[in-house]
Amino acid sequence: MVSWSSATPQCSQFRQTPFDNVKMRQAVLAAADQVDFMVAYAGDPQNWKLCPSFFTCGTPMANNAGSEAPTGQRDFDKAKKLIAEAEYKGEKIVVLDAVDTPVPHSHALVAADLLRRLGLTVEVAASDWGNLSIRRASKKPIDEGGWNVFGTSWFGADMLDPGLNQSLRTNRDGAWFGWPKDDKLDALRSKWMRAPDSEVRQEIAAAIQQRAFEVVPYIPTG
């Protein structure tokens, strides 16, 4: 989350190949660098901070569980190995780009470049934000107007905890755009909601984050 209380996740489509395979999502996580996304969007380092958490850094639920995934050395060899294990066959990956809106536009450019460096076939679908919003609601196949990846932003207050963070919902049709499904993560989120006190919630939040870095419902970008 950048210093002016905004989180900028990069989202991917669980319903579409190739990111319906967890190894493809893990591959992008292994190579993605928050610095690249933040410099493209906010420029001067005084305007942003790295945040290796699914919750707003500096707040009670933020933690370091699994944080080696976004903070370790970017590993393109590992990423390409995961892509090979996922048996990627050159399927087209559509990155949505709202050219009139700074966060989605900058994220689309960085994401597209990253995916191409990983040897993936990429098509950038440029439009205005209104048309991107319409297309991202589509669950149709790529050749019928579907999509794979887009970047967006949230206020830090929207990402404080598992109850507020919509992007961490993993109950498929009840989830946010991308419609991720992971029963374990969803169960942990429900457990967090029923927790009796803040100490227990912090423990569960760490377990949620650990799991999220394993299944990668989205990639926090700073």
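Every number in this text was worked out from the coordinates using simple rules, so none of it is lab data. None of the values given here were measured: they were computed from a predicted structure. A quick note on method: Cβ atoms are made from the backbone with ideal geometry, for glycine too, and the neighbour counts reach across all protein chains shown.
Pop a pseudo-label 7 angstrom from the Cα along the beta-carbon direction at both residue 191 and residue 138 and give the gap in nm to one decimal.
3.9 nm
Would you work out the relative contact order for region 6-210, in percent, from Cα pairs under 8 angstrom that are 6 or more residues apart? Spell out each step's value before the answer.
On the way: 336 pairs, mean separation 58.6, N = 205.
Relative CO of region 6-210 lands at 29 percent.
Just tell me which aspartates and glutamates come within less than 20 Å, Cα to Cα, of residue 80; anything on the same chain fewer than 8 places away is out.
20, 33, 36, 68, 91, 113, 123, 214
In the chain, which whole DSSP H runs stretch at least 18 Å along their own axis (Cα) and average 0.0 or higher on the Kyte-Doolittle scale?
On the way: long enough: 102-117 (23 Å, 0.14); 198-215 (25 Å, -0.19).
Flagged H segments are 102-117.
Compare the peptides 123-133, 94-104, 175-185, 137-147 by average per-residue count of other Cβ atoms within 10 angstrom and give them in order, highest first.
On the way: 123-133: 15.6, 94-104: 20.9, 175-185: 19.4, 137-147: 13.7.
Result, highest mean first: 94-104, 175-185, 123-133, 137-147.
What FRET efficiency comes out for the pair residue 47/residue 171, r = Cβ-Cβ distance, R0 = 35 Å, nearest 0.05? Walk me through the intermediate numbers first.
On the way: r = 35 Å, r/R0 = 1.00.
Approximately 0.50, to the nearest 0.05.
Give, in whole angstrom and from largest to smallest, the semi-axes √(5λ) of the equivalent ellipsoid of the chain, with λ running over the eigenvalues of the Cα gyration tensor. Don't skip to the answer; put the middle values down first.
Working: eigenvalues 130, 75, 63 Å².
Rounded to whole Å, the semi-axes are 25, 19, 18.
For region 79-134 and region 150-222, write down the distance between their C-alpha centroids in whole Å.
Using only Cα atoms, the two centres lie 23 Å from each other.
Taking the Cα centre as origin and putting +1 on Lys and Arg beta-carbons and -1 on Asp and Glu beta-carbons, what dipole magnitude results for region 49-152, to the nearest 20 debye?
140 debye
Distance check, please: which entries in 23/49; 23/140; 92/191; 89/139 exceed 30 angstrom between their Cα atoms? Intermediate values should be presented prior to the final figure.
On the way: 23/49 28 Å; 23/140 22 Å; 92/191 38 Å; 89/139 21 Å.
From 23/49; 23/140; 92/191; 89/139, over 30 Å: 92/191.
What does the charge count near residue 68 come to, summing +1 for each Lys or Arg and -1 for each Asp or Glu among other residues with Cβ under 13 Å from its Cβ?
Working: positive: 74, 78; negative: 75, 214.
Computed value for this residue: 0.
Rank these for me by crowding, 121, 17, going from fewest to most other beta carbons within 10 Å. Please report the intermediate quantities before stating the final value.
On the way: 121 13, 17 17.
So the ranking, lowest neighbour count to highest, is 121, 17.
Counting each DSSP H run of 4 or more residues in the chain as -39500 (n - 2.57), what helix-only mean residue ellipticity at 222 nm follows after dividing by all residues, to the nearest 500 deg cm²/dmol? Display every interim value, and only then the final one.
Details: 8 runs with 86 residues, N = 222.
Counting only the DSSP helices, I get -11500 deg cm²/dmol.
When a footprinting reagent is the concern and you count Cβ atoms within 10 Å, what order do 20, 173 take, fewest first? Walk me through the intermediate numbers first.
Working: 20 16, 173 7.
So the residues, fewest neighbours to most, are 173, 20.
For region 90-146, just say rounded, prolate or oblate: build the C-alpha gyration tensor, square-root its eigenvalues into a ≥ b ≥ c, call rounded for a/c under 1.5, and beyond that prolate if a/b exceeds b/c, oblate if not. Please list the in-between numbers first.
Working: a/c = 2.91, a/b = 1.13, b/c = 2.58.
Oblate.
Residue by residue through region 165-177, which ³J(HN,Hα) values in whole Hz follow from phi under the Karplus form 6.51 cos²θ - 1.76 cosθ + 1.60 (θ = phi - 60°), with glycine and proline marked x?
6, 4, 5, 8, 6, 10, 10, 6, 5, x, 8, 6, 3
Can you compute the modelled spin-label distance between residue 123 and residue 200, with each label point 7 Å from Cα toward Cβ, in nm?
So the two model labels end up 5.0 nm from each other.
Show me, for region 58-66, the HN-Hα J-couplings you get by feeding each phi into the Karplus relation (A = 6.51, B = -1.76, C = 1.60, θ = phi - 60°), rounded to Hz, glycine and proline as x.
Computed from phi, the couplings for region 58-66 are x, 10, x, 8, 4, 7, 9, 4, x Hz.
Using DSSP to call loops (not H, G, I, E or B), can you name the GluC sites (Glu not before Pro) in region 16-120 whose Cβ has at most 16 other Cβ atoms within 10 angstrom? Don't jump to the answer; show the numbers that get you there.
On the way: sites: 68, 85, 87, 91; in loops: 87, 91.
Taking region 16-120 and a limit of 16 other Cβ atoms within 10 Å, the loop GluC sites (Glu not before Pro) found are 87, 91.
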